[in-house]
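Engineer: Before we start, here is the structure in question, set down as structure tokens.
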Amino acid sequence: MDLDLLTVLIVLLPLVGAVLTGLVPLFLRSFRAHKGLLGAVGTLVVAIPFGLAAWIFVQGGSQTHVTSLYTWMAAGDFSVSITYRIDQLSIIMTLVVTGVGALIHLYAVGYMYSDRCFWKFFAYLNLFIFMMLNLVLADNLLVLFLGWEGVGLCSYLLIGFWYEKHKNSVAASKAFIVNRVGDFAFLLAMFILVKELGSLDFGAIFSGMESLSAGSVTAVVLLLFIGATGKSAQIPLFVWLPDAMAGPTPVSALIHAATMVTSGLYLLARLSPLVLMAPGVMMLIAIVGAATALVAATIALTQQDIKRVLAYSTVSQLGYMFMAAGVGAFFVAVFHVVTHAFFKACLFLGSGSVIHGMHHVELELRREGYEGDFDAQDMRYMGGLKKYMPITRWTYLLSTFAIAGIPFTAGFFSKDEILFKAFEFGFDGHTYAWIVWAVGIATALLTAFYMTRSYMLTFEGSSRWPKPSNLHPHESPWSMTLPLILLGALSLVGGFIGLPKVAEEFGLHNWIHGFLVGYEGRAGPVAEPEMHAHVSLWLESALIALGALIAVIGVVWAWRFFARHELGGDELIRGRFGALYQWCRTSYYWDRLYDRSIVRPVIGGAEKVFAPFDQRIVDGLVNAIARIMQAFSWLFGRLQTGIVQNYALAIVLGVVLILALMAF
């Protein structure tokens, strides 16, 4: 089959699904009742592109192919076409977006089945996938930016999907506004590239980047990084992502685990040859990534809402990815994007399965007249769920082991490779990389601890919801558990595509490194720095053992601690760390800082300065024009007497006046 046609089908099928599931039920209301059909269509238009992308991958995913559809805009020497690129990086991202996306769509059929706006939800999901595919398949920055803004719009629609609750609308607006800060920096970077190179095509950027001055390169890479901090939730623009948990759980899994939040990292990986030319910015990227990973991990330790634990975990894991980019290991960052998509999507969907079950418990309690406190997402009301939800329990546990880095799980390979690359980069004379490595080790311990805590408080111990003895949650339907099983399996085996260098001693190779960076003289789309010093195999083995030991210690420590104390463990931690615990509990007061330093001054300034200006100057000017027009209309109205003789006299006088002017 023609590769151009396949590319177009991959991109357009989700758009067709968005139109079918969105517009047909809008005008033919009877279709809204056919939820099975709508869910099947919405899922298939994502699953079929996954199949097509897999076929391209098998047939020759290591070759670059560009599909140009039409010229989007042209002005003088500058032009931009709607062009898509199939290469090693884009095909891996396409497989992740469509593969994990299709499983999440299938899960959403069961999770959202009782929602009255089921059809609209699938239209938004399909539109999101379409925009994300534009982002990862784009062959120039402007088409990429089109997808970049598109996923921002779709995230706004999906986070605020249950807009009847005010906090959901606020969370959607917060995500939209915070992302605009980073998007403005992205725009500035594109303006500089157009001014310096006259093009936004990736080929033109890579061929002309050597002609850029050092200042221009630094400015462009810094602005792109700021743009990435918005989409990928890095300090200081990470505050939107935890609040985005207000959306339905499939949204959390799709946007905040597998797709949208990795956009910033994908941007840096796509432009990795340019990023490597700005070592100062790379150091900043690594430090910000390390700080984000550590800060978010400490916050996750103190959260009670199961989805907020996973939200801050996502922020922390994104910090790991930026650590990798900051030390030049872009292929490892992409590797962690892939493994993270597996285990974090499984964790989010598992939490959704738990919430789905606990919500039925809440409904029964309210039906029986219970009026006390209860929150279906709060782990303080859970416990003992392993008896009632075995599939959810086992898949959540496997994904917990994966994100913790237990040996031979997916997270073990990708996280260990990030830490190793940071350590190796320090050997090459970049001493800051050792600090990054140390922070990564500490964060790995915290990750294993807080993720095991979330598992223990949810599934182990005794049940803590108010109950008659016969009231308990039930396992989710097959449309929700099947994606959990598949993602749980991938969380176990997905890391074997990126074996460590020490595996070469046994004849095994790091497949993803060769695929993305290149091998045997073939250059890949992802660049890496030229290394002058290398870590010996025995030291690499020691670092791998250290990473594994850290993960095991964190899991065993948390398991024994919360098995002994359950909820009392949190109280012990609170009492032991006091003010520090409160700082972490309130997210280091980031939201309060922004509220007092930005939100209130802007709103106060608007009320005190711009509101009076609008009322007195703008409105006053408009009202003055209206009064002047009213006066003229009154004046001319007086001239309209209705007496024909007066009109004839006016005509004669006018003719005489014109003749006089012509004569003299």
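The values are calculated or read from the model by the stated rules, or taken from the named source; none is laboratory data. Remember, predicted model here, so these are calculated numbers, not experimental data. Here the Cβ positions follow ideal geometry from the backbone for every residue, glycine too, while neighbour counts run over all protein chains shown. Quick note on the areas: whole protein, heavy atoms, side chains included, nothing else; ligands and nucleic acids left out. Shrake-Rupley method; radii C 1.70, N 1.55, O 1.52, S 1.80 Å.
Engineer: I need the full set of residues from the range 240-257 which are over 23 Å from residue 105 (Cβ atoms) and open to solvent by less than 10 Å² (accessible area, probe 1.4 Å), in order please.
Structural biologist: 240, 242
Engineer: How many of the residues making up the range 344-374 are over 30 Å from residue 273 (Cα atoms), surrounded by 20 or more Cβ atoms within 10 Å (Cβ to Cβ) and not aliphatic (A, V, I, L, M)?
Structural biologist: Number satisfying all stated conditions: 8.
Engineer: Could I ask something else about it? For residue 62, indicate whether it is modelled with pLDDT under 90 and either open to solvent by 60 Å² or more (accessible area, probe 1.4 Å) or farther than 30 Å from residue 196 by Cβ (or both). Can you show your working first?
Structural biologist: Working: modelled with pLDDT under 90: yes; either open to solvent by 60 Å² or more (accessible area, probe 1.4 Å) or farther than 30 Å from residue 196 by Cβ (or both): yes.
Yes.
Engineer: Let me ask another. Check whether at least one residue in the range 584-597 is over 30 Å from residue 300 (Cα atoms) and open to solvent by 90 Å² or more (accessible area, probe 1.4 Å), and report yes or no. Full working, then the answer.
Structural biologist: Within the range 584-597, the subset over 30 Å from residue 300 (Cα atoms) is none.
No, that holds for no residue.
Engineer: Does the range 480-497 contain any residue that is at pLDDT below 90, out of contact with any Leu (no Cβ under 8 Å at 6 or more places or on another chain) and of a type in the set (Ser, Thr, Tyr)?
Structural biologist: Within the range 480-497, none of the residues are at pLDDT below 90, out of contact with any Leu (no Cβ under 8 Å at 6 or more places or on another chain) and of a type in the set (Ser, Thr, Tyr).
Engineer: Further question on the same structure: Pull up the range 165-180, narrow it to residues that are open to solvent by 80 Å² or more (accessible area, probe 1.4 Å) and in a helix (DSSP H, G or I), then point me to the one that is farthest from residue 245 (Cα to Cα).
Structural biologist: Residues of the range 165-180 that are open to solvent by 80 Å² or more (accessible area, probe 1.4 Å), as a first pass: 165-167, 177.
In the following step, the residues that additionally are in a helix (DSSP H, G or I) were identified as 166-167, 177.
On the way: 166: 14, 167: 11, 177: 16 Å.
The residue in question is 177.
Engineer: Check the range 26-37 and report whether any residue there is buried (at least 19 other Cβ atoms within 10 Å of the Cβ), touching a residue at least 24 places away in the same chain (Cβ under 8 Å) and either at negative phi or outside the structural domain of residue 515 (by TED's automatic domain parsing) (or both). Can you show your working first?
Structural biologist: Taking the range 26-37 first, the residues buried (at least 19 other Cβ atoms within 10 Å of the Cβ) are none.
The answer is no, given that none of the residues of the range 26-37 is buried (at least 19 other Cβ atoms within 10 Å of the Cβ), touching a residue at least 24 places away in the same chain (Cβ under 8 Å) and either at negative phi or outside the structural domain of residue 515 (by TED's automatic domain parsing) (or both).
Engineer: Same structure, new question: Just for helices (runs of 4 or more DSSP H) wholly inside the range 258-343: which have at least 1 residues that are open to solvent by 10 Å² or more (accessible area, probe 1.4 Å)?
Structural biologist: Numbers: elements: 263-270, 272-275, 279-300, 306-326.
Ranges flagged: 272-275, 279-300, 306-326.
Engineer: OK, next. Do we find that residue 235 is part of a loop (DSSP other than H, G, I, E, B) and either surrounded by fewer than 24 Cβ atoms within 10 Å (Cβ to Cβ) or at pLDDT 95 or above (or both) in this structure? Spell out the reasoning first.
Structural biologist: Numbers: part of a loop (DSSP other than H, G, I, E, B): yes; either surrounded by fewer than 24 Cβ atoms within 10 Å (Cβ to Cβ) or at pLDDT 95 or above (or both): yes.
For residue 235, the condition - part of a loop (DSSP other than H, G, I, E, B) and either surrounded by fewer than 24 Cβ atoms within 10 Å (Cβ to Cβ) or at pLDDT 95 or above (or both) - is met.
Engineer: Could you please tell me which pairs satisfy a Cβ distance under 9 Å, a separation of 6+ or placement on different chains, a first residue in the range 47-75 that is within 25 Å of residue 108 (Cβ to Cβ) and touching a residue at least 60 places away in the same chain (Cβ under 8 Å), and a second residue that is open to solvent by less than 40 Å² (accessible area, probe 1.4 Å) and of a type in the set (S, T, N, Q)?
Structural biologist: 49/94; 49/98
Engineer: May I ask you to verify whether residue 18 is open to solvent by less than 60 Å² (accessible area, probe 1.4 Å) and either more than 27 Å from residue 339 (Cα to Cα) or touching a residue at least 60 places away in the same chain (Cβ under 8 Å) (or both)?
Structural biologist: On the way: open to solvent by less than 60 Å² (accessible area, probe 1.4 Å): yes; either more than 27 Å from residue 339 (Cα to Cα) or touching a residue at least 60 places away in the same chain (Cβ under 8 Å) (or both): yes.
The answer is yes for residue 18.
Engineer: In the range 429-449, what residues are in a helix (DSSP H, G or I), surrounded by fewer than 20 Cβ atoms within 10 Å (Cβ to Cβ) and not hydrophobic (A, V, I, L, M, F, W, C)?
Structural biologist: Hit for the range 429-449 is 432, nothing else.
Engineer: Separate question: Scan the range 549-568 residue by residue and report those that are modelled with pLDDT of 90 or more, surrounded by fewer than 17 Cβ atoms within 10 Å (Cβ to Cβ) and among the aliphatic types (A, V, I, L, M).
Structural biologist: 549, 552, 553, 556 - these are the residues of the range 549-568 that are modelled with pLDDT of 90 or more, surrounded by fewer than 17 Cβ atoms within 10 Å (Cβ to Cβ) and among the aliphatic types (A, V, I, L, M).
Engineer: Within the range 502-509, identify whether any single residue is at pLDDT 90 or above and either open to solvent by less than 20 Å² (accessible area, probe 1.4 Å) or not assigned by TED's automatic domain parsing to the domain that holds residue 350 (or both), and answer yes or no.
Structural biologist: Taking the range 502-509 as the starting set, the residues that turn out to be at pLDDT 90 or above are none.
Checked against the condition, which is being at pLDDT 90 or above and either open to solvent by less than 20 Å² (accessible area, probe 1.4 Å) or not assigned by TED's automatic domain parsing to the domain that holds residue 350 (or both), the range 502-509 yields no hits at all.
Engineer: Among the residues of the range 196-228, what is the count of those that are of a type in the set (Phe, Trp, Tyr) and buried (at least 18 other Cβ atoms within 10 Å of the Cβ)?
Structural biologist: Here is the first cut: in the range 196-228, the ones of a type in the set (Phe, Trp, Tyr) are 202, 206, 225.
From what is left, the residues that are buried (at least 18 other Cβ atoms within 10 Å of the Cβ) are 202, 225.
Going through the range 196-228 one residue at a time, the tally reaches 2.
Engineer: Could you please tell me which pairs satisfy a Cβ distance under 7 Å, a separation of 6+ or placement on different chains, a first residue in the range 360-381 that is over 21 Å from residue 566 (Cα atoms), and a second residue that is small (Gly, Ala, Ser)?
Structural biologist: 362/376
Engineer: Residue by residue through the range 56-76, note down the ones that are aromatic (Phe, Trp, Tyr) and closer than 21 Å to residue 518 by Cα.
Structural biologist: Taking the range 56-76 first, the residues aromatic (Phe, Trp, Tyr) are 57, 70, 72.
57 - this is the single residue of the range 56-76 that is aromatic (Phe, Trp, Tyr) and closer than 21 Å to residue 518 by Cα.
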